[in-house]
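Remarks on the structure that follows.
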Amino acid sequence: MTSQPDTRLRAGVGFSESADPAEAGGTAVRTAVAALGGQPAALFIVYASVSYDLIALLHAVRAETGQAPLVGCTTSGQFHDGRLITPGIGVSVLALTGGPYRFGVASVTGVRDEPVGAGQRLARAARAAAGPEPSPHAAVLLLTTGLAGHQQELLTGVHKVVGAAVPVVGGGAGDDRLLVRTCVFEGDQVYTDGGATAVWIAAPEPLTVVAEHGWHDVSLPLLVTRSDGLVIEEIAGRPAAEVFREHFHDDVNYERPGLVRPAPGYLSAYAFGLIEPDGGKLIRGAYIDPEGRLRSFTPLPPYAPVQIVACAPDDLLRVTEDVVEQAVAGRDATVLLAFSCVARLDVLAERGPVEAARIQAAAGDVTTFGFYTYGEFARTTRVAGYHNATLTAIAL
């Protein structure tokens, strides 16, 4: 009598804080694979500090995984199973069997120069890599170089291919808050400065992407009246930096570690809420650069309606359970993939480990795996879906 194949998704997580890339990569992936109970892995996801020699790291990982599909990125901190790995060191590996899912991976370059076209190419290639057999439902996991800009335009390109029926989730790679170089991985390749990678997840049932942020308004609705790429020059006809600053609370401690990063002027506790047609808001991080210019991490076009928003640690933590519970509701989930912005980690400061712990507590026996991003993707039925300072998740 032949045994039936295991139709349930299985997940294994491995981690290492070794400074040696070969040791760290090898240890993490072997631990993850061991948790699969002898079932073959259908997908590996690797998150790592940018401090490693990434080529050596991936070489060690691929020595264990063979040619199984692999994606990943550099981070500004990671979390799994209720544990926070702070920025600066560490490799986390998630190994997944196929179970009821099929995975297809692909990567592109050119996000900086041609973001919409790059998004279209990436979505088509990932879908094709999952194989020709049709599936009733699907989702896209999207990882991008977080400093490339034009993330919403990339997402628009993905949307043009997959339409409103296929949700998108993921995040922009980090670099331990250095804001110098972010990378994404596919197989043994490392892409930077405009690279992106994706996983097409073919599924037998609908997959739910959830995003919440916890920020609240501290200004009336305003119009961006002049901008140039990532520089916001005027708000309501006035100097943008002046308008932004006048909404800071007098009791903010500008020297508090974890709040002001990466240089004087970047106040993680303040951002913009881009007002959507239904009244909801997409959070857009902003900071005042050394030259006194107000900058964002993705363009705010002229005449965009915005409100200045703020938060405190409790505001951010309050949404944790809702995000997890909505993602796993009605599903016999094995793993929760979560993406949280490094700005949230900055605001949480010494309470940073609490978010990871609350995610796991809300997930119960479900494995949790995520990283701190330079922006999050959570597109459901509309084109828009690029966020900052937001917690987003999907359960498989």
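The values are calculated or read from the model by the stated rules, or taken from the named source; none is laboratory data. For clarity, every value in this text was computed on a predicted model and none was experimentally measured. No Cβ is skipped: glycine too gets one built from the backbone with ideal geometry, and neighbour counts run over all protein chains shown. All accessible areas refer to the heavy atoms of the entire protein, side chains included, with ligands and DNA or RNA removed. Shrake-Rupley method; radii C 1.70, N 1.55, O 1.52, S 1.80 Å.
Structure values in brief
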item: Residue in the range 206-218 that is least open to solvent (accessible area, probe 1.4 Å), counting only those that are assigned to a loop (DSSP other than H, G, I, E, B) and touching a Gly at 6+ places or on another chain (Cβ under 9 Å); result: W215
item: Filter result for S227 (touching a residue at least 40 places away in the same chain (Cβ under 8 Å), assigned to a strand (DSSP E or B) and more than 30 Å from V324 (Cβ to Cβ)); result: yes
item: Set A41, A11, A68, A24: member being open to solvent by less than 10 Å² (accessible area, probe 1.4 Å), of a type in the set (A, V, I, L, M, F, W, C) and touching a residue at least 24 places away in the same chain (Cβ under 8 Å); result: A24
item: In the range 71-83, the residues that are crowded, with 17+ Cβ neighbours inside 10 Å and either on the phi > 0 side of the Ramachandran plot or not β-branched (V, I, T) (or both); result: G72, C73, S76, G77, Q78, F79, H80
item: A349 being farther than 23 Å from T145 by Cα, modelled with pLDDT of 95 or more and touching a helix residue (DSSP H, G or I) at 6+ places or on another chain (Cβ under 8 Å); result: no
item: Members of the range 304-326 found to be in contact with a Leu (Cβ under 7 Å, 6 or more places away or on another chain), assigned to a loop (DSSP other than H, G, I, E, B) and open to solvent by 10 Å² or more (accessible area, probe 1.4 Å), listed by number; result: V319
item: Filter result for the condition that a residue is of a type in the set (G, A, S), touching a residue at least 60 places away in the same chain (Cβ under 8 Å) and over 23 Å from L58 (Cα atoms), over G146, G99; result: G99
item: Residue among R331, R351 that alone is open to solvent by 10 Å² or more (accessible area, probe 1.4 Å), in a loop (DSSP other than H, G, I, E, B) and on the phi < 0 side of the Ramachandran plot; result: R331
item: Neighbours by Cβ (under 7 Å, 6+ apart or cross-chain): first from the range 178-200, without any contact (Cβ under 8 Å) to a residue 60 or more places away in the chain; second of a type in the set (A, V, I, L, M, F, W, C); result: T192/C183
item: Hits in the range 354-396 - residues which are open to solvent by 10 Å² or more (accessible area, probe 1.4 Å) and assigned to a strand (DSSP E or B); result: T367, A378, H387
item: Selection status of T86, open to solvent by 50 Å² or more (accessible area, probe 1.4 Å) and β-branched (V, I, T); result: yes
item: Odd one out for R295 among (1) closer than 24 Å to P167 by Cβ; (2) assigned to a strand (DSSP E or B); result: (1)
item: Answer from V252, V260 - the residue that is of a type in the set (A, V, I, L, M, F, W, C), at pLDDT below 85 and under 23 Å from the mean Cα position of the chain (by Cα); result: V260
item: Residue in the range 125-144 that is part of a helix (DSSP H, G or I), over 25 Å from T334 (Cβ atoms) and either at pLDDT below 95 or out of contact with any Asp or Glu (no Cβ under 9 Å at 6 or more places or on another chain) (or both) present; result: yes
item: Given (1) hydrophobic (A, V, I, L, M, F, W, C); (2) farther than 27 Å from V13 by Cβ; (3) touching a strand residue (DSSP E or B) at 6+ places or on another chain (Cβ under 6 Å), index of the condition A139 fails; result: (2)
item: Matching residues, the range 95-121, being within 17 Å of the chain's Cα centre (by Cα), surrounded by 24 or more Cβ atoms within 10 Å (Cβ to Cβ) and not β-branched (V, I, T); result: G119
item: Test: A203 is out of contact with any helix residue (DSSP H, G or I) (no Cβ under 6 Å at 6 or more places or on another chain), among the small types (G, A, S) and open to solvent by 10 Å² or more (accessible area, probe 1.4 Å); result: no
item: Qualifying residue in the range 190-198 (condition: hydroxyl-bearing (S, T, Y), open to solvent by less than 40 Å² (accessible area, probe 1.4 Å) and under 24 Å from V347 (Cβ atoms)); result: no
item: Residue, surrounded by the fewest Cβ atoms within 10 Å (Cβ to Cβ), within the range 334-348, restricted to residues that are in a strand (DSSP E or B) and aliphatic (A, V, I, L, M); result: V335
